[in-house]
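A.B. asks: Submitted below is the structure of interest, expressed as structure tokens.
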2 protein chains.
Amino acid sequence: MTTIATTARERMLLAKDASRSIGLLDDATKREALLAIADAIAAGQAEIVDANGEDLARGRESGLSEALQDRLRLDAPRVAALAAAVRDIAELPDPVGRVLDERTLANGVTLTKVAVPFGVVGSIYEARPNVTVDIAALALRSGNAVVLRGGSAAARTNAALVSAMRGALADRGLDPEAIQTIDDFGRDGARELMHARGVVDVLVPRGSAQLIETVVTESSVPVIETGAGIVHIVLDESAPLEWARDIVVNAKTQRPSVCNAVETVLVLRGAAQRLVPPVVAALQASGVTVHGDDSVLGLADGVTAATDEDWSTEYLSLDIAMRVVDDLDVALDHIRRYSTHHTESIITQDSANEARFLAEVDSAVVMANTSTRFTDGGEFGFGAEVGISTQKLHARGPMGLAELTSTKWLARGAGQVRA
Amino acid sequence: MTTIATTARERMLLAKDASRSIGLLDDATKREALLAIADAIAAGQAEIVDANGEDLARGRESGLSEALQDRLRLDAPRVAALAAAVRDIAELPDPVGRVLDERTLANGVTLTKVAVPFGVVGSIYEARPNVTVDIAALALRSGNAVVLRGGSAAARTNAALVSAMRGALADRGLDPEAIQTIDDFGRDGARELMHARGVVDVLVPRGSAQLIETVVTESSVPVIETGAGIVHIVLDESAPLEWARDIVVNAKTQRPSVCNAVETVLVLRGAAQRLVPPVVAALQASGVTVHGDDSVLGLADGVTAATDEDWSTEYLSLDIAMRVVDDLDVALDHIRRYSTHHTESIITQDSANEARFLAEVDSAVVMANTSTRFTDGGEFGFGAEVGISTQKLHARGPMGLAELTSTKWLARGAGQVRA
């Protein structure tokens with residue numbers, strides 16, 4: 001599938017046009033389209049892996065790090081996994097058409113608020129080919145067209161994936177223009193996407209904090225911010241040792257590189273002597289470097305002295321910051337100052353402190369007595385995750401397909417006029 | 001109440017700080033605070049009218065039009081009306097704390113999605129003192145602090161109103177810093193407000209299309225766009241004459257200056273001979289100037305020839321554009337091209353055409369057989385209206401208090417960790 005559109009803007013307009021027919025598709029047609037896309041990706045494995053090989057070769061030449069090369073790499077099993085992920089999204093319930101509110105006015109006019117597709121979803125992300133397939137599948141399943149702008153390091157891979165997906169749509173008689181990539185227009189294309197207000201309905205950046213900051217600052221298209229996580233766990237005076245230890249270790253080590261991993265532990269002074277030594281020991285036994293304040297240094301061995309920078313660092317590694325605080329107020333102040341409003345948890349058996357924490361912490365997900373690693377669309381039962389929103393408008397926390405829909409009021413009357 | 005904050009930024013930070021205590025107030029306390037504010041506005045009538053007199057004198061000197069002077073003017077009955085509007089808002093149900101979703105994970109962790117205040121609501125608007133009171137009352141009722149930036153022409157009036165409202169909060173032991181005005185910092189203050197991401201949670205511009213466009217383009221704070229209305233009514237071949245005539249006349253003349261008034265009527269060719277003459281005559285009898293295309297000119301007397309500009313004009317006056325179109329497809333194309341996605345209505349007795357129109361028109365409110373003037377928070381039963389959103393993110397159509405809230409997931413466990 002080659003496209004004749006020669007500018008990024010033209011491709012966005014093609015997506016806008018395609019969004020009209022895609023938005024009207026019924027549940028079964030969208031499901032079948034996604035299954036066809038999964039088949040096309042699986043069938044196109046050889047071409048996709050070849051294209052990826054070209055990107056990898058280019059990456060090696062330009063000195064791309066091993067870690068980034070691994071993120072970029074698609075081999076046969078990874079392509080199969082992409083296809084399987086699309087099949088999972090195909091089986092999710094259709095978020096379009098849900099009735100969200102119903103009212104009948106005194107004059108007999110009926111009002112129905114229904115979920116409708118946004119229209120065109122844009123995404124700007126880094127060189128992870130899985131995002132290309134993921135966002136396209138989620139957008140289509142919710143009746144949206146999509147404009148993709150991935151990292152230039154993955155441009156050939158993305159082109160092969162998009163070509164397979166567009167081919168599957170065309171084969172089923174659906175408009176292939178519903179999936180657009182603008183990788184070939186470089187930064188100018190990204191800039192045009194960020195300013196395509198009226199053509200692109202919502203923009204979802206995915207990637208580093210810096211990429212998200214750029215999109216949030218520059219875009220005039222409405223953005224859903226999927227943000228970084230400087231995540232806190234507070235150990236209250238009443239925290240049971242076993243919960244405190246198991247939850248902190250799980251939240252740090254179960255997958256350290258993701259946004260819902262804990263970065264800072266705040267221990268109330270009254271519990272410090274009881275909790276700090278065993279929690280630090282358990283972390284160290286799992287290979288974690290603990291960066292502690294003076295109180296922590298005084299209570300446990302092998303702790304690195306924390307600097308102010310530690311409190312505002314998203315390690316994404318086997319490092320954790322730990323501070324002893326005088327009381328819950330100081331803990332809440334610390335969180336207010338350093339949190340990225342993603343997820344915070346308190347370990348406590350004091351119901352008053354639990355209630356205060358849940359009410360006062362201003363984050364997308366606020367927890368008591370459980371691991372911050374549960375902040376996840378899959379864990380929440382959404383079946384898929386578009387991202388985790390750290391903003392307050394439209395969506396907050398893990399986003400599923402429902403968050404890729406807007407609403408529309410339908411009003412039906414029989415000649416009523418306003419008095 | 002004078003404030004010691006000397007920069008716009010400092011005032012926004014004071015609002016952010018105050019939002020913490022305001023956000024935790026219970027329903028009764030917020031209701032009583034609003035009643036106290038209403039009393040303070042009523043009691044401050046003389047000072048408010050005096051301050052308004054200074055603004056009016058300044059306006060007259062600088063050549064402010066009669067219409068704008070009228071919009072700016074506050075006399076005793078208008079101040080009383082402001083206080084009454086605040087009392088109405090006081091009696092609305094609290095939108096905070098509503099449970100929007102509940103889930104229990106297989107491991108026993110319970111999830112509750114609750115409505116929470118945004119935090120700080122900002123508003124940029126023109127010289128209408130009623131907006132100052134309206135937005136402040138709506139923000140407080142939904143547990144938010146507010147930063148107000150009204151037109152400089154109303155600066156003294158706004159200062160008097162804000163002073164009365166802040167005094168009422170302080171008298172009740174609530175933090176007066178929850179209401180801030182930054183009128184005295186001019187355009188620099190507005191610019192700072194638009195870039196106060198992380199301090200101000202949402203910005204609601206109210207006023208002209210140009211003001212809204214500026215805010216949408218420049219702001220890095222998330223914006224809820226309350227937009228202009230180029231509103232269409234389609235007269236289908238099956239439209240009953242009486243409904244067509246009464247609804248078009250009502251939608252144009254009941255209040256021509258507002259965004260939900262109709263601006264363009266599209267008549268299907270098969271009904272043109274039957275409908276155009278009596279609808280045009282009824283409009284003319286109500287003082288409306290009809291700007292018609294060639295077909296309309298051929299069917300009715302006293303019609304002005306429409307130019308292309310008419311289709312993209314929000315008259316906000318006793319003018320209406322009318323075009324005869326070949327079929328529903330052409331009508332839908334016309335709407336796609338010129339609509340501002342606010343409200344459109346079809347008059348029809350053909351259920352297939354009604355269903356197509358409701359499904360395919362991409363506007364906040366899509367109607368069949370009723371007047372576009374019903375697109376209104378009050379008419380929808382919301383009790384108050386923050387504005388009418390023409391964007392697709394977060395809120396679409398008339399916004400009530402619920403649209404001034406965000407959400408938060410509360411997770412409660414008993415030591416669960418992720419496997």
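The values are calculated or read from the model by the stated rules, or taken from the named source; none is laboratory data. Just so it is clear, the structure is predicted and the values come from calculations on it, not from any experiment. Note that each Cβ is placed from the backbone with ideal geometry, even for glycine, and that neighbours are counted across all protein chains shown. For the accessible areas, the whole protein counts, side chains as well, though only heavy atoms, and no ligand, DNA or RNA atoms are used. Shrake-Rupley method; radii C 1.70, N 1.55, O 1.52, S 1.80 Å.
A.B. asks: Taking the full set of protein chains and a 1.4 angstrom probe, give the accessible area of B:Lys408 in square angstrom, rounded to the nearest 10.
C.D. replies: In the full protein context, B:Lys408 sits at about 10 Å².
A.B. asks: Please list, in chain and number order, the residues 5+ apart from A:Asp319 or on another chain whose amide H is under 5 Å from its amide H, with Hs placed from the backbone.
C.D. replies: A:Thr289
A.B. asks: Helix B:328-338 versus the longest principal axis of chain B: what is the Cα-based angle in degrees, 0 to 90, to the nearest 10?
C.D. replies: 40
A.B. asks: Under 5 Å between amide H atoms, partner at least 5 residues away or on a different chain: which partners does A:Gly400 have, H built in plane at 1.01 Å?
C.D. replies: A:Val386
A.B. asks: Can I ask one more? Take each of the peptides A:153-163, B:274-284, average the number of other beta-carbon atoms within 10 Å over its residues, and list them starting from the highest.
C.D. replies: Highest-to-lowest ranking by the protection proxy: A:153-163, B:274-284.
A.B. asks: Provide the per-residue ³J(HN,Hα) series for the stretch A:162-174, in order, calculated from phi with Karplus coefficients 6.51, -1.76, 1.60 and θ = phi - 60°, each as a whole number of Hz, with x at glycine and proline positions.
C.D. replies: Taking θ as phi minus 60°, the curve returns 5, 4, 5, 5, 5, x, 5, 5, 4, 4, 8, x, 9 Hz for the stretch A:162-174.
A.B. asks: What are the distances, in nm and sorted shortest first, from the label point of A:Ser312 to the label points of the same position in each other copy, with each label point placed 7 Å from Cα along the Cα-to-Cβ direction?
C.D. replies: Result for A:Ser312, in nm, nearest copy first: 4.6.
A.B. asks: Which aspartates and glutamates have a Cα lying under 15 Å from the Cα of A:Lys16, excluding residues fewer than 8 positions away in the same chain?
C.D. replies: Straight-line reach from A:Lys16, under 15 Å: A:Asp175, A:Glu177, A:Glu192, A:Asp201, B:Asp333, B:Glu360, B:Asp362.
A.B. asks: What's the minimum Cβ distance from chain A to the axis relating it to B, in whole Å, and which residue gives it?
C.D. replies: Nearest residue, distance rounded to whole Å: A:His394, 2.
A.B. asks: As I understand it, the dipole of the protein assembly as shown uses +1 on the Cβ of Lys and Arg and -1 on the Cβ of Asp and Glu, about the Cα centre. Which of A:Val280, A:Ala355, B:Ala57 lies farthest toward its positive end?
C.D. replies: It is A:Ala355, whose Cα lies furthest towards the positive end.
A.B. asks: Can you find, among B:Val330, B:Ala364, B:Ile388, the residue sitting farthest towards the positive end of the charge dipole of the stretch B:326-396, where Lys and Arg contribute +1 and Asp and Glu -1 at Cβ?
C.D. replies: Farthest towards the positive pole: B:Ile388.
A.B. asks: Angle between the Cα long axis of helix A:209-218 and the longest principal axis of chain A, 0 to 90 degrees, nearest 10?
C.D. replies: Once rounded, one gets 50 degrees.
A.B. asks: A follow-up question, please. Under 12 Å from the Cβ of B:Ala115, count the other residues' Cβ atoms, weight Lys and Arg +1, Asp and Glu -1, and hand me the total.
C.D. replies: Cβ neighbours under 12 Å give a net charge of +2.
A.B. asks: With unit charges on the beta carbon (Lys/Arg positive, Asp/Glu negative), name the residue among A:Ala419, A:Ala155, A:Gly198 whose Cα is farthest towards the positive pole of the charge dipole of chain A.
C.D. replies: A:Ala419
A.B. asks: When the Karplus curve 6.51 cos²θ - 1.76 cosθ + 1.60 is applied with θ = phi - 60°, which whole-Hz ³J(HN,Hα) does each residue of the stretch B:100-109 get, with x for Gly and Pro?
C.D. replies: Computed from phi, the couplings for the stretch B:100-109 are 9, 6, 9, 9, 10, 6, 4, 7, x, 5 Hz.
A.B. asks: Cβ under 12 Å from B:Val303's Cβ, B:Val303 left aside: what net charge do those residues give with Lys, Arg +1 and Asp, Glu -1?
C.D. replies: It works out to a net charge of -4.
A.B. asks: Can you compute the FRET efficiency between A:Arg58 and B:Ala76 using 1/(1 + (r/R0)^6), with r the Cβ-Cβ distance and R0 = 60 Å? Round to the nearest 0.05.
C.D. replies: Computed FRET efficiency for A:Arg58 and B:Ala76: 0.20.
A.B. asks: A further question on this structure: Determine the dipole magnitude for the protein assembly as shown: charges of +1 sit on the beta-carbon of Lys and Arg, -1 on that of Asp and Glu, nothing else is charged, the reference point is the Cα centre, and the result goes in debye to the nearest 20.
C.D. replies: Computed charge dipole of the protein assembly as shown: roughly 440 debye.
A.B. asks: Further question on the same structure: How big is the gap, in Å, between the Cα center of the stretch B:239-312 and the Cα center of the stretch B:313-336?
C.D. replies: 9
A.B. asks: Give me the dipole magnitude in Debye, nearest 20, for the stretch B:317-419 about the Cα centre, with unit charges on the beta carbon: positive for Lys and Arg, negative for Asp and Glu. Provide the component values of the computation, followed by the final result.
C.D. replies: Values: 10 positive and 14 negative charges, 177 e Å.
So the dipole magnitude of the stretch B:317-419 works out to roughly 860 debye.
A.B. asks: So if each residue of separation counts as 0.36 nm, and I subtract the Cα-Cα distance between A:Asp333 and A:Val99, what length gain in nm does that give?
C.D. replies: 80.1 nm
A.B. asks: Calculate one ³J(HN,Hα) per residue across the stretch A:139-153 by plugging θ = phi - 60° into the Karplus curve 6.51 cos²θ - 1.76 cosθ + 1.60, and present them in order as whole Hz with x for glycine and proline.
C.D. replies: For the stretch A:139-153, the Karplus-derived couplings read 5, 5, 4, 9, x, 9, 7, 9, 10, 9, 10, x, x, 5, 5 Hz, x marking Gly and Pro.
A.B. asks: How big is the dipole moment of chain A about its Cα centre under a simple scheme where the beta carbon of each Lys and Arg is +1, that of each Asp and Glu is -1, and everything else is neutral? Debye, nearest 20, please.
C.D. replies: My answer is approximately 1480 debye.
A.B. asks: Same structure, new question: Rank these residues by their accessible area, most exposed first, probe 1.4 Å: B:Ser65, B:Ser345.
C.D. replies: Per-residue accessible area, sorted high to low, gives B:Ser65, B:Ser345.
A.B. asks: Moving on to the next point. Using a label point 7 angstrom from Cα along Cα-to-C-beta, what distances in nm, from shortest up, separate A:Ala46 from the other copies?
C.D. replies: From this label point to the equivalent ones elsewhere in the assembly: 9.3 nm.
A.B. asks: Am I reading the B/A interface right? What is its buried accessible area, both sides, 1.4 Å probe, to the nearest 100 Å²?
C.D. replies: 5800
A.B. asks: Follow-up question, since we're still on this one. What gaps in nm, shortest first, separate B:Ala419 from its twins in the other copies when you place the label 7 Å past Cα toward the beta carbon?
C.D. replies: Result, one decimal in nm: 6.3.
A.B. asks: Within the protein assembly as shown, what percent of beta bridges assigned by DSSP are antiparallel, to the nearest 5?
C.D. replies: Expressed as a percentage, antiparallel bridges in the protein assembly as shown total about 30.
A.B. asks: Where the accessible area of the stretch A:231-374 is counted over protein heavy atoms with a 1.4 Å probe, how much of it, in %, is carbon and sulfur? Walk me through the intermediate numbers first.
C.D. replies: On the way: 2310 of 5130 Å².
Carbon and sulfur together cover 45 percent of it.
A.B. asks: Same structure, new question: Net charge near A:Asp171: determine it from the other residues with C-beta under 13 Å of the C-beta of A:Asp171, scoring Lys and Arg +1 and Asp and Glu -1.
C.D. replies: Values: positive: A:Arg166, A:Arg172; negative: A:Glu32, A:Asp39, A:Asp175.
Local charge sum for A:Asp171: -1.
A.B. asks: Give the accessible surface of the stretch A:231-374 per residue, rounded to a whole number of Å², with probe radius 1.4 Å and ligands, DNA and RNA excluded. Let's see the in-between values first.
C.D. replies: On the way: 5130 Å² over 144 residues.
For the stretch A:231-374, the per-residue accessible area is 36 Å².
A.B. asks: Taking H placed 1.01 Å from N in the peptide plane, check which residues at least 5 places from A:Arg197 or on another chain put their amide H under 5 Å from its amide H.
C.D. replies: A:Val221
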